[in-house]
Amino acid sequence: MIEDNITRINLDGKEYILIGTAHVSKHSAEQVKEVIEAERPDSVCVELDEQRYQTITEGAKWKEMDIIQVIKQKRASLLLMNLAISSFQNRMAKELGIKAGQEMVQGIESAKEAGANLVLADRNIQITFSRIWGNLGLRGKSMLLTQIITSIFSHDSISEEELEKMKEQDTINAMLNEFTESFPRLKKPLIDERDQYLAQKIKDAPGEKIVAVLGAAHVPGIKEEIKKEQDLKKLNAIPPKSKWPKIIGWALPIMIVALIVITFFANPNAGLDQSVSWILWTGSLSALGTAIAMGHPLTILTAFVAAPFTALHPLLAAGWFAGLAQAHIRRPSVKDFETLSEDVFSVKGFWRNKVSRILLIVVLSNIGASIGTFIGGADVIKTFFENF
């Protein structure tokens, strides 16, 4: 048996065999099968959470998704990010002519054949995304979304050198690697915390001989973290939101309204100009974002009408109204949900599928309204000072 990419650790009477796999390599899947057959472990740990396990074994259950509830529960951005990563995985797998996650599928199958316990060792992907999101400011969030969408919609072929580099990382890390260099705070929730979580789950796996199927990028961290006790409850906690965004979220609209009212009493024409400027900037840019997402004309109108008001209320967002309008006007069919995972593979498919188009409308409409809020707000302040 070839020992390349295999790390053996003996700790507290247990043997841990870590297989550092390439998520886009046929050889990795073959090696996983070979190691499990030879070692006959008590448990096999795979770098999957429950959600990704179900996706691999049963396929993504898009048909069960209620798009209206997704919008109401403010999960459109997270779902769009999930679809974006799925698109990236599919594109990279196509470049190599293989199925993404093949080594994890092999780990699951070989565990069953060997009669070993199967342990889903990775942290829930939604928790990881939430902790990433919580570590970023407004600028960081905007750049992250831009980076992800740009990488997905890019049609540049992946060079041989880049492919080799990707084989040494897990898929999510490969896509966000460049971004983590610009925003080091991402490394902690994306890499370090997952190393700790994986290490503890592997350590807690039943039996005396444990095989773990992992992305090669995690092996060095797990080798160190498995020697320590990790607090899984703490690693699973959603970080509390800062009070400042909430304070600013209420203070800004109150200030805008106050400035318009004061200006209106001093100079009605100037106050009217402020109101028109606010409506046009917030409404037009939100409508523009909706139009870019190819929303229905009534959806675009909804975004234009809603944005000036939702921009003044921190608990509301123009994109929610636009998304709900689009969902009612162009209600997704069963076929849209069935083909969702394939459609997001291409730019055309992202816009063609009614489900992903609704998500794009929510996100792009909100981005447009946010930009309009800053420009329109600046214009209101400028007019106020010009009259006082």
Among the residues of the stretch 325-336, is there at least one that is more than 24 Å from G368 (Cβ to Cβ), in contact with a helix residue (DSSP H, G or I) (Cβ under 9 Å, 6 or more places away or on another chain) and of a type in the set (S, T, N, Q)? yes
Which of the residues spanning the stretch 330-369 are out of contact with any Pro (no Cβ under 7 Å at 6 or more places or on another chain) and open to solvent by 60 Å² or more (accessible area, probe 1.4 Å)? R330, R331, V334, K335, E338, E342, F345, K348, R352, I367
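Would you confirm, using the coordinates I've provided, whether S77 is more than 24 Å from the chain's Cα centre (by Cα) and at pLDDT 65 or above?
no
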Test each condition in (1) closer than 30 Å to E193 by Cβ; (2) open to solvent by 70 Å² or more (accessible area, probe 1.4 Å); (3) β-branched (V, I, T); (4) touching a residue at least 60 places away in the same chain (Cβ under 8 Å) for I292 and report the one that comes out false. (1)
When both residues are 6+ apart or on different chains and their Cβ atoms are under 6 Å apart, which pairs have a first residue that lies in the stretch 225-245 and is closer than 15 Å to Q126 by Cα, and a second that is among the small types (G, A, S)? I238/S130; P239/G134
Counting just the residues of the stretch 88-114 that are at pLDDT below 90 and of a type in the set (D, E, K, R), which one comes out nearest to D42 (Cα to Cα)? E103
Kindly indicate whether G221 is out of contact with any Gly (no Cβ under 8 Å at 6 or more places or on another chain), modelled with pLDDT under 95 and more than 26 Å from Q102 (Cβ to Cβ). no
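In this structure, is F129 open to solvent by less than 60 Å² (accessible area, probe 1.4 Å), modelled with pLDDT under 65 and in a helix (DSSP H, G or I)? Before you say what the answer is, go through the steps one by one.
On the way: open to solvent by less than 60 Å² (accessible area, probe 1.4 Å): yes; modelled with pLDDT under 65: no; in a helix (DSSP H, G or I): yes.
Taking the combined requirement at face value, the residue does not satisfy it.
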List pairs: first residue in the stretch 354-380 and closer than 15 Å to G289 by Cα, second residue in a helix (DSSP H, G or I) and among the aromatic types (F, W, Y) anywhere in the structure, Cβ distance under 6 angstrom, at least six positions apart or on different chains. S356/F350; R357/W351; G372/W281
Would you point out which residue out of I6, I17, I71 is touching a Gly at 6+ places or on another chain (Cβ under 8 Å) and either modelled with pLDDT of 80 or more or open to solvent by 40 Å² or more (accessible area, probe 1.4 Å) (or both)? I6
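The values are calculated or read from the model by the stated rules, or taken from the named source; none is laboratory data. Predicted, not measured: the structure shown is a model, and the values here were computed from it. Don't worry about glycine lacking a Cβ; one is built from the backbone with ideal geometry, like all the others, and counts go over all protein chains shown. Accessible surface is based on the protein model in full, side chains and every heavy atom, while ligands, DNA and RNA are left aside. Shrake-Rupley method; radii C 1.70, N 1.55, O 1.52, S 1.80 Å.
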